[in-house]
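Report on the structure given below.
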Number of protein chains: 4
Amino acid sequence: MTSETVFGHSQALLDMRDRLREFVDREAIPREHAELAHDVEKLDHVARLLREKAKAAGLYAPQLPTSHGGLGLSWKERAVILEEAGRSFLGPLAINCAPPDQPNMINLMLHGTAEQRARYLEPLIRGDIRSCFAMTEPAPGAGSDPSMLKTTARRKPGGWIIDGRKWFISGAVGAAFAIVLAQTDAGATMFIVEAGNPGYRVLRNIASIDGFQIGGHGEIEFAGCEVNDDAVLGEIGKGFAYAQQRLEPARISHCMRFIGRASRAMSIAQTYANTRTSFGSPLADLQQIQAMVADSHIDLHASRLMTWHAAAKMDAGESVKHESAMTKVFVSEAVCRVADRAAQIMGALGMSEDTPVSLILRELRPFRIYDGASELHRATLARRILREDLRP
Amino acid sequence: MTSETVFGHSQALLDMRDRLREFVDREAIPREHAELAHDVEKLDHVARLLREKAKAAGLYAPQLPTSHGGLGLSWKERAVILEEAGRSFLGPLAINCAPPDQPNMINLMLHGTAEQRARYLEPLIRGDIRSCFAMTEPAPGAGSDPSMLKTTARRKPGGWIIDGRKWFISGAVGAAFAIVLAQTDAGATMFIVEAGNPGYRVLRNIASIDGFQIGGHGEIEFAGCEVNDDAVLGEIGKGFAYAQQRLEPARISHCMRFIGRASRAMSIAQTYANTRTSFGSPLADLQQIQAMVADSHIDLHASRLMTWHAAAKMDAGESVKHESAMTKVFVSEAVCRVADRAAQIMGALGMSEDTPVSLILRELRPFRIYDGASELHRATLARRILREDLRP
Amino acid sequence: MTSETVFGHSQALLDMRDRLREFVDREAIPREHAELAHDVEKLDHVARLLREKAKAAGLYAPQLPTSHGGLGLSWKERAVILEEAGRSFLGPLAINCAPPDQPNMINLMLHGTAEQRARYLEPLIRGDIRSCFAMTEPAPGAGSDPSMLKTTARRKPGGWIIDGRKWFISGAVGAAFAIVLAQTDAGATMFIVEAGNPGYRVLRNIASIDGFQIGGHGEIEFAGCEVNDDAVLGEIGKGFAYAQQRLEPARISHCMRFIGRASRAMSIAQTYANTRTSFGSPLADLQQIQAMVADSHIDLHASRLMTWHAAAKMDAGESVKHESAMTKVFVSEAVCRVADRAAQIMGALGMSEDTPVSLILRELRPFRIYDGASELHRATLARRILREDLRP
Amino acid sequence: MTSETVFGHSQALLDMRDRLREFVDREAIPREHAELAHDVEKLDHVARLLREKAKAAGLYAPQLPTSHGGLGLSWKERAVILEEAGRSFLGPLAINCAPPDQPNMINLMLHGTAEQRARYLEPLIRGDIRSCFAMTEPAPGAGSDPSMLKTTARRKPGGWIIDGRKWFISGAVGAAFAIVLAQTDAGATMFIVEAGNPGYRVLRNIASIDGFQIGGHGEIEFAGCEVNDDAVLGEIGKGFAYAQQRLEPARISHCMRFIGRASRAMSIAQTYANTRTSFGSPLADLQQIQAMVADSHIDLHASRLMTWHAAAKMDAGESVKHESAMTKVFVSEAVCRVADRAAQIMGALGMSEDTPVSLILRELRPFRIYDGASELHRATLARRILREDLRP
């Protein structure tokens, strides 16, 4: 409902959004099945199919420059498109704008050599492969505090030997390569490691609350994993800086997609409230139901405005360090509230998997933790505010 | 902290805001005393003084067209200026953009005859007088449901006789005239009644939680109150329609001013947290304090964006019926949370009147009720959403 | 931490609790696996094993009278024991005090004929079989409003023919019989239907958010399901009255078990906070973590007192209609908050199934809906309060 | 509504409670006026009158041993009586069980010499005088961290010279004496200083949000304030230990009184909801109103149980260090929620002083700060929980 015209969205963009909406309703949503997310083969099949259809429909890769076959949308435009795609867990996959591939493309475009771009970026853009980003480690390694990085890369003649363990690596199952963050004696560095490398092993898919995560959350072991010098992505020692470059855009992109997901859950609940009768009147007539509906619209309205505002600042080249943190905290908690209310309105049906609502509720919960837990962002925000005496 | 540039605010406007900030800090804030609000004579004195200074500083009447001696600001621009003025409870008064005079000017400009405009609007614009808007009635009369209007206006030759009782009429104490809503046999109608009319009596100032309300909340009796035909404002029977015209702008304007007030409370709390030490460390180092600071910045960021967005829609001539209700609910609750946290951070000092924080906390509380209680807005929003199946 | 001595719990009971704690830690918790809940065969095996051990340990059937081989505990005593058992999802099963068998035993004991008791109650008490309670129906049938009952039982010579569909029937998968609520021309009536009846079919296990539910949530079809007259439980037409008899005890028993489950989640989180380090200090030193821990203890303390108080009233033979509703609303929401905080404290690990925390979080969520949604209870409570002007 | 019988309250106590209820309704409530709290003379007059009536009614000094003319009630019994008295801000005053006199009596009874008891305790018990407790200091002195104590007492021959400033000293206006906490070279020590002492000056009554505080919140200056050796209360150096002795009982007693106050606010709101009509139906029929009513009953039910439980532990001689902190945090926040909902239900009337609801709302707010802010208690509770690994 939030007015796009005030935010300067063109009619062409709104038309694209409407086509995407129709595409998602027709192609993505009917193919949704919870088990798909973890069945690499079936998923691969669906992904290829959807991507071909998205290409044909002119909806593919909205975030990429036209020179790379994308739609070349600004951040402000992407906000509208990604929300729309995000209504289905297959939507961002279909238009190839899903994490971790999306931020991996950013790192590869900015820092990849011509050869790296040809070998990894191009098939990623075409949608032929998936990838993952191996940063987080099990305790006592790098979790919310990346400086605790325990995975190491030691020099050997002509290359490096990587040792360590990564954990909760989204999309790892079935990924063709990983961008790995490892400690060298010259600082944290990014490496590209292919899935076929004998020193690279996806130990397991960590069972988790968010059933819809494509490629699951892998635990990966690097055991004497040898790579050549050309596996280094960008400059040695710049690993943390590069990780930062992807984090803010990734957070805001997540907000876009998850606003779409929460909006869909509430749409389903609204239809239910309009049709289900209890104690002689439709649920829609009950004020407690009404309050949940109104609060959800308010939550999503505020979420959109914060996300769009941050997007507009990114387009203007301004820093969004502060706003992206405020937005991530608010949106991650708001979409959980919305999905929780949707489930509550629907009663037992909202707890079942007969509708996607309970799966959306589960899928959104980790967003309050991933990409920086709310508590971490609050502390960081407030320390900056208090130190610089920022105006409330 | 919310970026004004993204919202297209010009540098000229930001300069005006900075001058106003300095003006409020130098002229308004040092003159704040809680008792001032109810001491008509002292307040009159201060108001005249401040208004002369505001005129001299080129900061007077931002909401009025230049043809009426105002600054001719758009709604989007006003959002920035009114927030700034709203940091002090004397700020909007100083620039003559405080309710109920502000919406009264709207009604008079839109519907007043040339004579009414000369007699009531001109001195109001100059700041020579104050006015009030007499709509609400004690139970069982018109409260949140205006259709329960009990005050009547009966025809008499050449005029009308008004009978009834009004209640919680903000600004009534010391008002030169009231715009009164009364039921006629042709529907609800607005009348202008002067304070000197023998049938008009301000019975009392209703003691209330919000000590800072200028002119208090009056209880007014109309007992055989005779007015001439020229007391009718606009057309007979259009009273409810005219009341609607002022309500949405009034709500959004309130949001602007109260964001300023809450921001000031948190500013004071931030300074306190940076300087007060407890158990060996500054309060600013404690995460529970930090969380309250961060949440307040997030609340105000979202509040500003919702308010600015509604303002931009009003500038574009679009309806904000839906957005103004969502914004009013969110902002009224958000500013209360912010002021509550500010008071909590400051401990016993936050409970005292040694700083304005506790007075701001009290002043903001009724905004969750005035201009439509949150519960009423939630029900109205949701019924529209569910009836029209609006997308979440 | 809540003092049992104040509530008059005997030392013998506290000793029993300590033995049960040890039993649960040693026998039940190590056997917990999410998949167990839906694998009827494996579960059967584990259940038999645990029940033999519980019998040997003198911990079996605390709720049953000693004449039926139980421990004969009062409600106040059960509160302590069921919480302890409830720490593991296998605990209540092990001591044969899990729903829906527990309330089914109540109905059978109160209203069963000697033959029904021999055929159904005795093996249930021994733990040889499981059962279910088939009341809820899919829309537009009986959900939170049982008067919408659509399943019918028509008379035939010497028996009845049951037709209808039941939905979200906990424990249906693998149940040996169901107590079914069906409409007759003499009012709603309870029938006992055996799983082998050709007219009885468990269509599917409804996939749901709460993975730990033993026997899942079945959808059951009754298609021309013929039963003899001796399948009627109690009197014809008393179905709703009998359902009420089980509901209040069932709610309070749920509270007991789920307090145990939430307590366990927070225990795990406390251990994590004491050992996991981030940004140079243990999580336990961070005030935001501390606030989550403190609030959880407060939530559980209040939950226990409300539950114990209702239990004590039941022991005294007083009605707990009002208190059981207040307790159910508070406890169902409190345990969800506690589990949510536990998961949040643990970060990504809290989202995984590497610990039971995320599974507990999912298992507790439906309690805000099952046994009467919070909204329904709030409305019912308030209408009684306002009608009878009950003192706040 | 909470069942007293389960908590073992005798019929005699419940009869006393009923008589007190009738007494408060007839004698205290009709005499309530906000201005009374700060008008020492008028208050004195009303207090004397009410106390005589309370003595005559056999309701005086429930907390004192019968040997001191009190009713000798246990803590568990007091919980019922103090809640009842606490419905009116004049109730605890009338039965002489209001702070700071009540905890001052505790200190005097435990540590006063025979002379001190005759000179200070006896007239206090009779209700002839009021007193205050001077501990808190303005920044950077002793606030929530008492170790920052800046007021000093230096030895002089035969006595002491006290210098310092105290702040937010409840009841200071019109107090006949103060128990003062001051630092000596042998540690913090309590002194009794009479109001007539030339070195003792109540500088002002600090205007504060809680208009109903009897004797206001004084700022007191000790300037070369000379006292004799017999002004020392108890042993030198034991000031902090004695302060602790009064704090836990004081917190729990506050909970009792404020539960009564919140209950009264909600009673008024219930009556309003039952009679006020809006949009064609009584407010009582609206689910959003119902939800506020139900949640308030749940909040007060939990508050009572936590308070009664702590009281029962105190009667049993068990430590309530942990429970009193949990109870204080919960109750202080719960009663604020209840009063806020009561005000919201009543709309503009709830903001006015035409009913006591808005004054109760203001009076309860500081309880989240006084006697240890919620944040402080949460941190202290959690550190103990995590350090000792207390079970949740």
Shielding by other protein chains, D:341-354, mean Cβ within 10 Å:
6
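May I have the convex hull volume per residue, in Å³, for the Cα set of the protein assembly as shown?
Details: hull volume 304.2 nm³, N = 1568.
Looking at the protein assembly as shown, the number lands at 194 Å³ per residue.
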Which one of B:Ser267, B:Ser88, B:Ser358 has the biggest mean-square fluctuation once chain B is modelled by GNM with Cα springs under 10 Å?
B:Ser267
Over 26 Å between Cα atoms, which of A:Lys76/B:Lys76; A:Lys313/B:Lys321; C:Lys150/C:Lys313 qualify?
A:Lys313/B:Lys321; C:Lys150/C:Lys313
Cα gyration tensor category, rounded, prolate or oblate, for the stretch C:11-98 with a/c compared to 1.5:
prolate
In degrees, nearest 10, the alpha-carbon axis of helix A:287-315 is tilted away from the dominant principal axis of the alpha carbons of chain A by 40
Could you work out the pair-distance distribution P(r) of the stretch C:240-388 from its alpha-carbon pairs, with 10 angstrom bin width and percents rounded to whole numbers?
11, 36, 29, 16, 6, 1, 0
Cut-off 11 Å between beta-carbons: net charge of the residues surrounding C:Gln244, Lys and Arg +1, Asp and Glu -1
+2
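Report the charge-dipole magnitude of the stretch B:240-388 in Debye, nearest 20, computed about the Cα centre from +1 at each Lys and Arg Cβ and -1 at each Asp and Glu Cβ.
Values: 19 positive and 15 negative charges, 75 e Å.
It works out to roughly 360 debye.
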Separation in nanometres of the label points that stand 7 Å from Cα toward Cβ, at C:Ser10 and B:Ala118
9.8
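Quick one: net charge around A:Met148, please, counting Lys, Arg +1 and Asp, Glu -1 for every other residue with C-beta under 14 Å from its C-beta.
Numbers: positive: A:Lys150, A:Arg165, A:Lys166, C:Arg276; negative: A:Glu137, A:Asp145.
Its environment carries a net charge of +2.
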Over the whole of C:158-170, what's the average partner chain Cβ count within 10 Å per residue? Rounded to a whole number, please.
1
Rounded tilt (10° steps) of C:374-388 against the dominant C-alpha axis of chain C
80
Residue by residue through the stretch C:43-59, what is 3J(HN,Hα) from phi via Karplus (6.51 cos²θ - 1.76 cosθ + 1.60, θ = phi - 60°)? Round to whole Hz and write x for glycine and proline.
4, 3, 4, 5, 4, 4, 4, 5, 5, 4, 5, 5, 4, 4, 8, x, 10
With just the Cα atoms defining each centre, how far is the stretch B:308-375 from the stretch B:76-90? Give it in Å.
13
What distance in nm separates the two pseudo spin-label positions at C:Asn274 and D:Asn274, each 7 Å out from Cα along the beta-carbon direction?
5.2
List the aspartates and glutamates whose alpha-carbon lies under 15 Å from that of B:Lys42, not counting same-chain residues fewer than 8 positions away?
B:Glu32, B:Asp128
Under 12 Å, Cβ to Cβ, from C:Val202 - net charge with Lys/Arg +1 and Asp/Glu -1:
+2
Under 29 Å from D:Lys156, Cα to Cα: lysines that are on another chain or at least 8 residues apart:
D:Lys166, D:Lys238
0 to 90° range, to nearest 10: angle between helix C:239-275 axis and chain C longest Cα axis:
20
Residue by residue through the stretch D:11-25, which ³J(HN,Hα) values in whole Hz follow from phi under the Karplus form 6.51 cos²θ - 1.76 cosθ + 1.60 (θ = phi - 60°), with glycine and proline marked x?
5, 4, 5, 5, 5, 4, 4, 5, 5, 5, 4, 5, 4, 5, 5
Starting from the Cα of C:Arg155, step 7 Å along the direction of its Cβ; do the same at A:Leu203; then give the gap between the two resulting points in nm.
6.9
What does the average come to when, for each residue of peptide A:276-283, you count the partner chain Cβ atoms lying within 10 Å of its Cβ?
4
Please list, in order along the stretch A:137-151, the HN-Hα scalar couplings obtained from phi with the Karplus expression 6.51 cos²θ - 1.76 cosθ + 1.60 (θ = phi - 60°), rounded to whole Hz, x for Gly and Pro.
10, x, 3, x, x, 6, x, 6, 9, x, 5, 8, 3, 10, 5
Provide A:His45, A:His9 in ascending order of the number of other Cβ atoms located within 10 Å of each residue's Cβ, fewest first.
A:His45, A:His9
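First measure r as the distance between the Cβ atoms of A:Lys321 and A:His68, then evaluate 1/(1 + (r/R0)^6) with R0 = 35 Å and state the FRET efficiency to the nearest 0.05.
On the way: r = 27 Å, r/R0 = 0.77.
Computed FRET efficiency for A:Lys321 and A:His68: 0.85.
Laboratory data are not the source of any read-out in this text; all were calculated from the coordinates shown. Remember, predicted model here, so these are calculated numbers, not experimental data. Quick reminder, even Gly has a Cβ in these numbers, built from the backbone with ideal geometry, and neighbours come from all protein chains shown.
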